[in-house]
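No value in this document is a laboratory result; all are computed from the given coordinates. In this text, all values refer to a predicted model and were calculated from it rather than measured experimentally. Note that each Cβ is placed from the backbone with ideal geometry, even for glycine, and that neighbours are counted across all protein chains shown.
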Amino acid sequence: MKEIVVISGKGGTGKTSLTASFAVLEKEKVVVADCDVDAADMHLLMNPDFKKSQEFFSGELAVIKQEDCIQCGKCADICRFDAIPFINNTFVVDEISCEGCGYCARICPTDAIINIQQKVGHWYISDIKTGSKMVHAKLAIGADNSGKLVAQVKNEAKKIAEEGNYEYILVDGSPGVGCPVVSSLSGANYVVLVTEPTVSGLHDLKRVYELVHKFNIKAGCIINKFDLNLSVTDEIKQFLTEEKINHLADIPYSNNFTQAITKSKTIVEFDTGKLKEIIENTWTEIKNIIHLI
Amino acid sequence: MKIAIASGKGGTGKTTVSVNLASYLSENNNVVLVDLDVEEPNSALFIKGNLIHEEDKFKMIPDWKQPECTLCGICQKVCNFHAVIQLGTMILVFPELCHSCYACSELCPTNALPMITKKMGELKEYKSNNLAFVNSHLLIGEEQAVPLIHQTIKYVDLKFNDTFIKIYDSPPGTSCPVIEASKDADFVFLVTEPTPFGLHDLKLAVDTMKELNKAFGVIINRNGIGNDDVENYCKKEKIPVIAKIPNNRKIAELYSGGNLIYNEISEVKEELIKIENFIKLNIFSNLT
């Protein structure tokens, strides 16, 4: 079983459209994991049934029991996150600022502070239209700890893949280089980087690859909308050569990416021409590479 | 006045709106543009200014002093983030997991874990004509964006007074980094695109802004590419649609080369004027 993680650094480069296309091409041999839990969109293309739904708790939140509080103010003094303001003659916890470190509860002389588990969101296991399974999640509004939810989604996908003898796990990652991305990279066999020939696309590709390189994971790159700016495309190719990243595909600028989404379809279901052929070849290429790793 | 430019979905045009709006407004106002997408900051690729200041940004982490340590185990017990672990006769600190709460350090009975600084990123300030520009980037491998966003906002608050229009280019998503970037804002512009992905993530962003009690409006980018669902949703929810930037390959090409757009494409400038008028009428007047 091989785990392939699709990331991009920059958002909006076509990650989800491509990941969903690969899932449709590989049908029942692949478990899909949508690890962009902040703004999960893959379910819009995969027609999931939300068969199993589970709440996810992680991290803590301080709560002050007002009846036991003697207003000594020690908690507010030690809080490094300014999360315990004094409002209307009472100390209250600012839930948005509280990091859940638990320090205040430990030093409160009257044990007036307790920590409650914080709801981070929901995760789901669904049957999807390809005849396979997908693990996905929804982060609660304003929730912290999205990295933990990503880890949960990945672990569930791994369990399903192992029990069902699936060949691949296909992971749709989130933009950026922070904790959710680090979390989605752990345990990956291969990383697919999706970029676009814009100054931002190249800049973000370089930063996210630095992270991938730190994890020592082999990577390949798809240049989407390659014909938008051929000179930046050349710069990207040069970077790929220097870093020994597999150059997987050049995909032309096409409104079919958006058109497919508005029909709730993946590109390989919507497009019947060149675009479909390129994506099919790309997926074959990825499979060839990972079987050699 | 503080204005955050945010979005649920990545790649909808936050940076395009931020750099063009900031540059346009700076023709007649004092403006500071602040790139708070510290994981992948891009505004600097579009604003060609002179570097006038740079500084390293640090977070605080505990540093184990073996001679002082009695291996009592309190540090490990009080760390909710598993950033301090006792392994045999060693105390290991994992800086990337540390939230700098100081609990281990201050509760250590023998002062064996004093806090020290660790570099997490760099802040740079530029000047381009009448536009001030501040950006920070997180070092690769650092996982927490929030402390750097917090320190960057603090720097801007100290350096630029209230006569400045402060524009925050925010990170994507709906979790802690975007909340840190928008919680001090007087108004939030949510940039979206008229597609099912755009709409889905816009709804999440709207819920987040409601939770934060923020005043907000929507800017539709790549208008014309998908369908009318975003506009219908905004109408139904009574969310103002402040501007619509057309879908145009020429815009994408200008963006791809790191160029500002509004001086090249008049339809974009017209939309920026709408945003400017909205700011004057609805945001500025509410503050004074």
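Data table
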{"item": "Taking N as its residue count, the alpha carbon Rg of chain B over 2.2 N^0.38 Å", "result": "1.15"}
{"item": "Estimated [θ] at 222 nm from DSSP helical runs (n ≥ 4, -39500 (n - 2.57)) normalised by residues in chain A, nearest 500", "result": "-11000 deg cm²/dmol"}
{"item": "Per-pair calculated FRET efficiency, R0 = 22 Å: B:Asn227 and A:Thr272 via Cβ, rounded to 0.05", "result": "0.55"}
{"item": "GNM result for chain A, Cα springs below 10 Å: residue of A:Thr282, A:Thr90, A:Thr233 fluctuating most strongly", "result": "A:Thr90"}
{"item": "Environment charge of B:Met115, counting only residues whose C-beta is closer than 11 Å and scoring Lys/Arg +1, Asp/Glu -1", "result": "+1"}
{"item": "Under 16 Å from A:Lys119, Cα to Cα: lysines that are on another chain or at least 8 residues apart", "result": "A:Lys138, A:Lys148"}
{"item": "Overall form of segment B:86-136 per C-alpha gyration tensor (a/c, 1.5; a/b vs b/c)", "result": "prolate"}
{"item": "Of A:Pro109, A:Pro197, A:Pro180, the one that fluctuates the most in a GNM where chain A has Cα springs shorter than 10 Å", "result": "A:Pro109"}
{"item": "Dipole in debye (nearest 20) - the protein assembly as shown, about Cα centre, beta carbon charges: Lys, Arg +1; Asp, Glu -1", "result": "340"}
{"item": "Between segment A:71-120 and segment B:224-288, the Cα center-to-center distance that results, in Å", "result": "41"}
{"item": "Given A:Lys51/B:Lys236; A:Lys159/B:Lys14; A:Lys287/B:Lys57, the pairs whose alpha carbons are separated by over 32 Å", "result": "A:Lys159/B:Lys14; A:Lys287/B:Lys57"}
{"item": "Charge-dipole axis of the protein assembly as shown as Lys and Arg at +1 and Asp and Glu at -1 on Cβ define it, positive-most pick from B:Cys98, B:Pro114, B:Gly13", "result": "B:Gly13"}
{"item": "Partners for A:Lys52 among aspartates and glutamates (Cα-Cα distance below 12 Å; same-chain residues under 8 apart left out)", "result": "A:Asp127, A:Glu156"}
{"item": "Relative contact order [Cα under 8 Å, 6+ residues apart], segment A:59-119, whole percent", "result": "50"}
{"item": "Cα-based reach from B:Lys127 at 16 Å (exclusive), listing aspartates and glutamates while leaving out same-chain residues under 8 positions away", "result": "B:Glu27, B:Asp35, B:Glu54, B:Glu55"}
{"item": "Charge dipole magnitude, Cβ of K and R +1, D and E -1 - segment B:33-158, Cα centre, debye nearest 20", "result": "200"}
{"item": "Cleavage-rule hits (trypsin sites (Lys or Arg not before Pro)) in segment B:27-84: DSSP loop, at most 16 neighbouring Cβ within 10 angstrom", "result": "B:Lys48, B:Lys65"}
{"item": "Cα centre as origin, Lys/Arg/Asp/Glu Cβ charges: chain A dipole, Debye", "result": "460"}
{"item": "Cut-off 14 Å between beta-carbons: net charge of the residues surrounding A:Glu242, Lys and Arg +1, Asp and Glu -1", "result": "-1"}
{"item": "Set A:Lys29/B:Lys203; A:Lys218/A:Lys263; A:Lys65/B:Lys214; A:Lys15/A:Lys237 screened for pairs whose C-alpha atoms are more than 25 Å apart", "result": "A:Lys29/B:Lys203; A:Lys218/A:Lys263; A:Lys65/B:Lys214"}
{"item": "Chain B - percent relative contact order, Cα under 8 Å, separation 6 or more", "result": "26"}
{"item": "Environment charge at B:Asn135 (Cβ cut-off 15 Å; Lys +1, Arg +1, Asp -1, Glu -1)", "result": "-2"}
{"item": "Residues listed by number, segment A:55-93, amide nitrogen under 14 Å from A:Lys119 label point at 7 Å toward C-beta", "result": "A:55-58"}
{"item": "Max mean-square fluctuation residue, GNM over chain B, Cα-Cα springs under 10 Å, options B:Asn80, B:Asn247, B:Asn20", "result": "B:Asn80"}
{"item": "Value of relative contact order over segment B:64-113, rounded to a whole percent, pairs C-alpha under 8 Å and six or more apart", "result": "45"}
{"item": "Spin-label model distance (nm) - B:Cys72 vs A:Leu292, 7 Å beyond Cα toward Cβ", "result": "5.9"}
